Each structure stands twice: as C-alpha cells, then as structure tokens.
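In what follows, a structure is listed as structure tokens, so that the remarks can point back to it.
Every number in this text was worked out from the coordinates using simple rules, so none of it is lab data. In this text, all values refer to a predicted model and were calculated from it rather than measured experimentally. In this analysis, Cβ positions are derived from the backbone assuming ideal geometry, glycine residues included, and neighbour counts consider all displayed protein chains.
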Amino acid sequence: MPKPTDKTAQDIYADAMKLSKDERDKLSLMLAQENDSIYATPEIEQAWDEEVARRIKLMGEGKLQVHDGDEVMQKLRKIASCAE
C-alpha cells in the first residue's frame with residue numbers, strides 16, 4: 001500500500017503541468033533518455049538510424065521532397081472531417 005508521501009504518476013503529471021513549457025520539455029527529454037531505446041530490438045533501432053541518415057543525405061542533396069508538418073496535419077484533419 002502506498003504511503004501518503006508516495007506520489008502516483010497522475011500526481012507527478014499534475015505537478016509537471018504546473019511547470020513552464022521549457023521545463024516540461026526538459027523533463028520530457030530527461031524521461032525519454034531514461035529509456036534505453038524506444039525500439040523493440042537493436043536491429044530495428046539501427047535500421048531507423050540508417051533510414052534517418054539516408055533521408056538527411058537526400059535532403060542535403062535536394063533529392064527529397066519535404067512538406068510542412070502543420071500543413072500536412074491541416075490537410076489530414078480536413079480529409080478526416082469529410083469522412084465522418
């Protein structure tokens with residue numbers, strides 16, 4: 001049984017939401033770094049690292065078409081609202 005001084009994840013989340021955006025970003029990064037990897041296996045992590053490097057190279061060479069994320073999301077929301 002938790003002690004009265006023990007905080008739950010929900011308690012910590014509520015406290016974190018009281019922080020400035022910059023401090024929440026720092027906390028998020030700190031928590032993310034605690035995880036060894038977000039990937040299921042080292043092979044998957046390596047494959048993603050290689051894919052990211054490949055795409056960065058293509059972008060640098062002007063061979064990769066890029067899109068603004070906000071514009072893409074706006075278009076997707078419009079499509080999704082039409083499908084309802």
For region 61-70, in residue order, the Karplus 3J(HN,Hα) values (coefficients 6.51, -1.76, 1.60; θ = phi - 60°; whole Hz; Gly and Pro = x) are 8, x, 9, 10, 7, 10, 10, 5, x, 5
Taking the Cα-to-Cβ direction at Ala40 and at Asp22 and moving 7 Å from each Cα, how far apart do the two end points lie in nm? 4.0
Rounded tilt (10° steps) of 21-34 against the dominant C-alpha axis of the chain: 90
Which residue, Asp11, Asp22, Asp68, tops the fluctuation ranking in a GNM of the chain built on C-alpha contacts under 10 Å? Asp68
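Which number comes out as Rg/Rh for region 8-84 once both Rg and the Kirkwood Rh are worked out on C-alpha atoms?
Working: Rg = 18.4 Å, Rh = 16.6 Å.
A ratio of 1.11.
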